[in-house]
1. Write down the percent of antiparallel bridges among all DSSP beta bridges whose residues are both part of the stretch 34-139, to the nearest 5.
2. Mind running the shape call on the stretch 30-144? Use the C-alpha gyration tensor, a ≥ b ≥ c as the square roots of the eigenvalues: rounded below 1.5 for a/c, prolate if a/b tops b/c, oblate otherwise.
3. In whole percent, what relative contact order does the stretch 34-139 give with Cα contacts below 8 Å and a gap of six or more residues?
4. Residues with amide H under 5 Å of Glu38's amide H, sequence separation 5 or more or different chain, H placed in the peptide plane at 1.01 Å from N; which?
Amino acid sequence: MAASNSSALLPVLALAGVVFLLVAPAVVAEAAAPQGLEFHVGGPRGWRVPDANTSYGWWTMKNRFRVGDHLYFKYTNDSVLLVDRTAFDACNTTEPLATFDDGGTKFVLDRPGFFCFISGEPGHCEEGQRLIVRVMVQPAIVATPGPASGPATSAQPDHGGGHSSGAATAVAAAAVAAALAVFASLV
């Protein structure tokens, strides 16, 4: 009789193992995903009229921006204006979508698409103090078993680092522990 109970339990154990192998990598990958990078606009010199060694256009081409990343503008005696493309092209400061003048602006990139920024100081935009950031559309994450790989990183100066969220790690650990408990109870 014990042999027949064991043989009936094998398909259940096999199914539990397969479910665990499919769910665990996705939960762990989600917990380890960065919560957004911080990009320092203008590098250590900050947001200012560019000189011969500074190009905001070149800087944006060297970096990849994703939803959840944020830009940090550090400046004195200036401002940052979020504008539409028409105002950007004309360096029009009269009707910005948003104005920041606190000297240390952190702007969250909350959607895919383009964000246009110009200086609010007269003449600065015309001298090149303007920036267009393109936030990439992120494809949906598909959970597949296999080795987990982290996001590609760049050794670019002015490129902030991501970190794991404590809450996401705790949820992942709880999910893995629950799956293990179910698996152990079946054995």
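1. Values: 18 of 24 bridges.
Antiparallel bridges: around 75 percent, rounded to the nearest 5.
2. On the way: a/c = 2.04, a/b = 1.78, b/c = 1.15.
The shape class here is prolate.
3. Values: 209 pairs, mean separation 35.0, N = 106.
Reported as a whole number, the value is 33 percent.
4. Under 5 Å from the amide H of Glu38: His70, Gly160, Gly161.
Quick note: the coordinates plus some simple rules give every number you see, no bench work behind them. Just so we're clear, the structure is a prediction, and the values are computed from it rather than from any experiment.
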